[in-house]
Amino acid sequence: MKAIVSTKYGAPEVLQMKEVEKPVPGEDEILIKIHATTVSSGDARMRRADPFVIRLIFGFSKPKKSTPGVVVAGEIEAVGSSVTRFKAGDQVFGSSGMAFGAHAEYVTVPEDAVLALKPGKISYEEAAAIPFGGTAAMHFLRSANILPGQKVLVYGASGALGTMGIQLAKYFGAEVTAVCSSANFDLVKSLGADKVIDYTKEDFTRNREHYDVVFDTLGKSPLGKTLKSVKKDGQVLLASAGLGTMIGGAFRSTFSNKKILSGVIKETSEDMNYFKELMEEGKLKAVIDRIYTLKQISEAHAYVDKGHKKGNVIIAINHHALES
């Protein structure tokens, strides 16, 4: 089968498409024929080993897992002898987690992997556009316990996390202010944003508005200034915080009436099923910027590295995904 192989960290060119042995599912594993996956900001950071701590966890001189990618949307081709949760022919979407391997034609994952059945009327590309941003946005917004009528500001509103954050916050009943460039105003409004701020022309921390929750999806809003825009007992959600910011945020929270939430995100199959229901109800839309083929993986990474993608960059593994 064809798979992307990375033998070192670095620029997009370190990713090469090669022929490798097709995996065989173990007793408690399933084999998925992948129709679509994504290149996320997380994939790009893994490729660069940025931050450096990635090397300490996933391989110091080179990645321990040579085939990257975590988002899966495809069809189950075979299951192990003890598998009962899924069967061959099931169309699924979700994540391969720390096993990686999704940037390939096939991947094996445990039966209890973070997967759900794909909604029938949703294409594989659309399904692949949900897990990365959806999981992170759900984790933080759920931690903040968003209530109807609260004011939520989403910083970096046009990216994978931001577009999911807008929709989920609206679903929870919040009044949403989206911060992005004016070029993306129509997009974020179509997702439910009530107000929009062009970050190139206006600093939201100076508009005298105060929010119940500020969801910083990029880690680029100065924390000190952001806290001044949060109401008493309000919260700042830091989805892309580095270790130093996490520690500093936890320290500040201890001596403040405002909470700063960051940390590691937990993926669950329950969330995937929740997203499935929301998509079926028309309450959650996939946002896709560009679609590349597996052979164009380096181009996809180079585009993501620019930091201006709208929603998600999809990798279509075969013609079925392009036509569905």
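Residues of the range 289-316 that are in contact with a strand residue (DSSP E or B) (Cβ under 8 Å, 6 or more places away or on another chain), of a type in the set (A, V, I, L, M) and either in the same structural domain as S158 (by TED's automatic domain parsing) or surrounded by fewer than 19 Cβ atoms within 10 Å (Cβ to Cβ) (or both): I291 alone.
When restricted to residues that are under 18 Å from the mean Cα position of the chain (by Cα), buried (at least 16 other Cβ atoms within 10 Å of the Cβ) and assigned to a loop (DSSP other than H, G, I, E, B), the range 50-87 contains 3.
Every residue, every condition in (1) at pLDDT 95 or above; (2) acidic (D, E); (3) assigned to a strand (DSSP E or B), yes or no:
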position: F93; (1), (2), (3): yes, no, yes
position: A102; (1), (2), (3): yes, no, no
position: T108; (1), (2), (3): yes, no, yes
position: K121; (1), (2), (3): no, no, no
position: G134; (1), (2), (3): yes, no, no
position: L141; (1), (2), (3): yes, no, no
position: L153; (1), (2), (3): yes, no, yes
position: L161; (1), (2), (3): yes, no, no
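Do we find that L147 is outside the structural domain of I315 (by TED's automatic domain parsing) and part of a loop (DSSP other than H, G, I, E, B) in this structure? Answer is yes for this residue.
Restricted to strands (runs of 3 or more DSSP E) entirely inside the range 170-245, those with at least 3 residues that are under 20 Å from the mean Cα position of the chain (by Cα) and surrounded by 15 or more Cβ atoms within 10 Å (Cβ to Cβ) are 175-180, 211-216, 230-238. Only a single criterion out of (1) without any contact (Cβ under 8 Å) to a residue 40 or more places away in the chain; (2) of a type in the set (G, A, S); (3) not assigned by TED's automatic domain parsing to the domain that holds H308 is not satisfied by S96, namely (3). Among the residues of the range 19-34, just one is loosely packed, with under 15 Cβ neighbours inside 10 Å and either modelled with pLDDT under 95 or part of a strand (DSSP E or B) (or both), namely E19.
The values are calculated or read from the model by the stated rules, or taken from the named source; none is laboratory data. Remember, it's a predicted structure, so these values are computed and weren't measured experimentally. Because the Cβ atoms are built from the backbone with ideal geometry, glycine has one as well, and the counts that use them run over all protein chains shown.
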